[in-house]
Amino acid sequence: MKRRQFIRFGAVVGALGLVKPSKATNIMAQSFEGKTNGPLVLSTWNHGLAANEGAWAVLQKGGTALDAVEKGVMVTEADLTNRSVGVGGRPDREGHVTLDACIMSGDARCGSVAFLEGIAHPVSVARAVMEKTQHVMLVGAGAKKFALDYGFQQAKMPIDEVKKDYEQWRKENKDLFKKPEINHENHDTIGMIAMDANGQLAGACTTSGWAYKMHGRVGDSPIIGAGLFVDQEVGAATATGLGEAIIRIAGSHTVVELMRHGFSPQEACKEACMRIIRKHNDLSGLQCGFLAIDKDGNYGAYSIYAGFNFAKHDAQKNELIDAPFDRNW
Ligand code: ASP
């Protein structure tokens, strides 16, 4: 991984009117950027290390980025110790584990499922929506019926240990409208973006969402343009953190569009974070993080608060990297 100082570009940014000049200079405050030649996979949080291995197994055999991201995030979905993705995920406040996922390739093909219960690999259902239907997104009972008709197996959720935690939580939290606590325990999507040996881009995003959320709540992760966006002409981005805030700025689409207008991946991730900061009066606990890669293999990340990390796998190694951030908790 190469790190380098950003080239000052505040004047260009100001001229484009994308951010106020004072914010543009903030972009210089921390620097992190990398570039890889050849296949590359990036994914959110430390569970990304194992997921990257799954993706790399595909990429190193010359497989496609699309296959790689699906196989990669399936590792996390199958990890019963993971409390924020897949089968081991925490339920909503009614005790239902509802899963959100999407997948997208650089040619704008995409598929998504939301509010899906009882299916172990929502990302693969999302891919089937993309490849086998005329639609982009299926939700709830319709998504479940499609998955079962298509041959996906049911899985029991929540798993026993998670159910016990939930029952305890329920006893202590009677107020149905109470804002669920935000911390690293109760939300951590896996968002993965990859480039294959042919330079093709793809991404996938999957989560059980904000633990103890309201029944029916859907976050950013299955929403194309919010939790994930990929455009072969420009690059790919994915998001993690408080989904409501990410949806409000169409976060991943914003990152890709900023790259289209000349921002580097990290600069684009940072500007998306700054936009969230500008749009919200109450930033307490409002963690959001973005990861991006451009079509030339440059990559970057940024988060609002300290603590966001991501896993990067290239031909050299699979490593965990702390993302730069705007503020400490
Ligand atoms: N973005 C996810 C959601 O809001 C959760 C997370 O990434 O932490 O459902």
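Of these, ALA237, ALA272, ALA226, ALA268, which one is more than 11 Å from the ligand (Cβ to nearest atom), closer than 14 Å to MET192 by Cα and either among the β-branched types (Val, Ile, Thr) or crowded, with 24+ Cβ neighbours inside 10 Å (or both)?
Working: ALA272 fails: closer than 14 Å to MET192 by Cα; ALA226 fails: more than 11 Å from the ligand (Cβ to nearest atom); ALA268 fails: closer than 14 Å to MET192 by Cα.
One residue alone meets the criteria, ALA237.
In this structure, does ALA306 turn out to be of a type outside the set (Val, Ile, Thr) and buried (at least 24 other Cβ atoms within 10 Å of the Cβ)?
Details: of a type outside the set (Val, Ile, Thr): yes; buried (at least 24 other Cβ atoms within 10 Å of the Cβ): no.
Here the answer is no, as ALA306 does not meet what is asked.
Taking LYS178, is it modelled with pLDDT under 95, more than 14 Å from the ligand (Cβ to nearest atom), open to solvent by 10 Å² or more (accessible area, probe 1.4 Å) and not in a loop (DSSP other than H, G, I, E, B)? Even if it seems obvious, please write down each step before you answer.
Details: modelled with pLDDT under 95: yes; more than 14 Å from the ligand (Cβ to nearest atom): yes; open to solvent by 10 Å² or more (accessible area, probe 1.4 Å): yes; not in a loop (DSSP other than H, G, I, E, B): no.
In short, no.
Which condition number in (1) closer than 22 Å to GLN200 by Cβ; (2) more than 17 Å from the chain's Cα centre (by Cα); (3) free of Cβ contacts under 8 Å to residues at least 24 places away in the same chain is the one that THR81 fails?
So THR81 meets the others, but not (1).
So, in segment 240-265, how many residues would count as being buried (at least 24 other Cβ atoms within 10 Å of the Cβ), at positive phi and more than 10 Å from the ligand (Cβ to nearest atom)?
Counting residues in segment 240-265 that are buried (at least 24 other Cβ atoms within 10 Å of the Cβ), at positive phi and more than 10 Å from the ligand (Cβ to nearest atom) gives 0.
Please go through segment 152-175 and pick out each residue that is in a loop (DSSP other than H, G, I, E, B), open to solvent by 50 Å² or more (accessible area, probe 1.4 Å) and modelled with pLDDT of 95 or more.
Our first condition is that a residue be in a loop (DSSP other than H, G, I, E, B); within segment 152-175, this holds for 152-153, 155-159, 173-175.
Checking the rest, the ones that are also open to solvent by 50 Å² or more (accessible area, probe 1.4 Å) come to 153, 156, 174-175.
Passing the criteria: only LYS156.
Kindly indicate the residue of segment 41-71 that is part of a loop (DSSP other than H, G, I, E, B) and not small (Gly, Ala, Ser) and also farthest from the ligand (Cβ to nearest atom) among those meeting that condition. So that I can check it myself, show each step before the final result.
Residues of segment 41-71 that are part of a loop (DSSP other than H, G, I, E, B), as a first pass: 45-47, 60-64.
Keeping just the survivors that are not small (Gly, Ala, Ser) gives 45-47, 60-61, 64.
On the way: TRP45: 8, ASN46: 13, HIS47: 11, GLN60: 28, LYS61: 30, THR64: 25 Å.
The extreme case among them is LYS61.
Would you confirm, using the coordinates I've provided, whether GLN232 is closer than 15 Å to ALA65 by Cα, in contact with a strand residue (DSSP E or B) (Cβ under 6 Å, 6 or more places away or on another chain) and open to solvent by 10 Å² or more (accessible area, probe 1.4 Å)? Spell out how you get there, then give the answer.
Working: closer than 15 Å to ALA65 by Cα: yes; in contact with a strand residue (DSSP E or B) (Cβ under 6 Å, 6 or more places away or on another chain): yes; open to solvent by 10 Å² or more (accessible area, probe 1.4 Å): yes.
Answer is yes for this residue.
Just wondering, is there one or more residues in segment 11-18 that are surrounded by fewer than 23 Cβ atoms within 10 Å (Cβ to Cβ), at pLDDT below 95 and closer than 18 Å to GLY297 by Cα?
So far as segment 11-18 goes, no, none of its residues is surrounded by fewer than 23 Cβ atoms within 10 Å (Cβ to Cβ), at pLDDT below 95 and closer than 18 Å to GLY297 by Cα.
How about segment 126-151: which of its residues are assigned to a helix (DSSP H, G or I) and touching a Gly at 6+ places or on another chain (Cβ under 8 Å)? Show your work before the answer.
Narrowing segment 126-151 to residues assigned to a helix (DSSP H, G or I): 126-132, 140-150.
Those that are assigned to a helix (DSSP H, G or I) and touching a Gly at 6+ places or on another chain (Cβ under 8 Å): ALA126, ARG127, ALA128, VAL129, MET130, GLU131, LYS144.
Has segment 291-303 got any residue that is within 16 Å of the ligand (Cβ to nearest atom), aromatic (Phe, Trp, Tyr) and open to solvent by 20 Å² or more (accessible area, probe 1.4 Å)? Steps first, answer last, please.
The initial filter retains those residues of segment 291-303 that are within 16 Å of the ligand (Cβ to nearest atom), namely 291-292, 301-303.
Still in the running and aromatic (Phe, Trp, Tyr): 302.
Now drop any that are not open to solvent by 20 Å² or more (accessible area, probe 1.4 Å), which leaves none.
No, because not a single residue in segment 291-303 is within 16 Å of the ligand (Cβ to nearest atom), aromatic (Phe, Trp, Tyr) and open to solvent by 20 Å² or more (accessible area, probe 1.4 Å).
Out of curiosity, is LYS71 buried (at least 21 other Cβ atoms within 10 Å of the Cβ), over 28 Å from ILE277 (Cα atoms) and of a type in the set (D, E, K, R)?
So LYS71 passes the test.
Kindly list, by first and then second residue, each pair from a residue in segment 99-110 that is outside any loop (DSSP other than H, G, I, E, B) to a residue that is among the basic types (Lys, Arg), limited to pairs with Cβ atoms under 6 Å and residues at least 6 apart or on different chains.
From residues that are outside any loop (DSSP other than H, G, I, E, B), the pairs are ILE103/ARG127.
Which of the residues spanning segment 283-315 are of a type in the set (S, T, N, Q), modelled with pLDDT of 95 or more and more than 16 Å from the chain's Cα centre (by Cα)?
Hit for segment 283-315 is ASN298, nothing else.
The values are calculated or read from the model by the stated rules, or taken from the named source; none is laboratory data. Computed from a predicted structure; not experimentally measured. So basically every Cβ, Gly included, is an ideal-geometry build from the backbone, and we count neighbours across all protein chains shown. Surface areas here come from the heavy atoms of the whole protein model, side chains and all, with no ligands, DNA or RNA. Shrake-Rupley method; radii C 1.70, N 1.55, O 1.52, S 1.80 Å.
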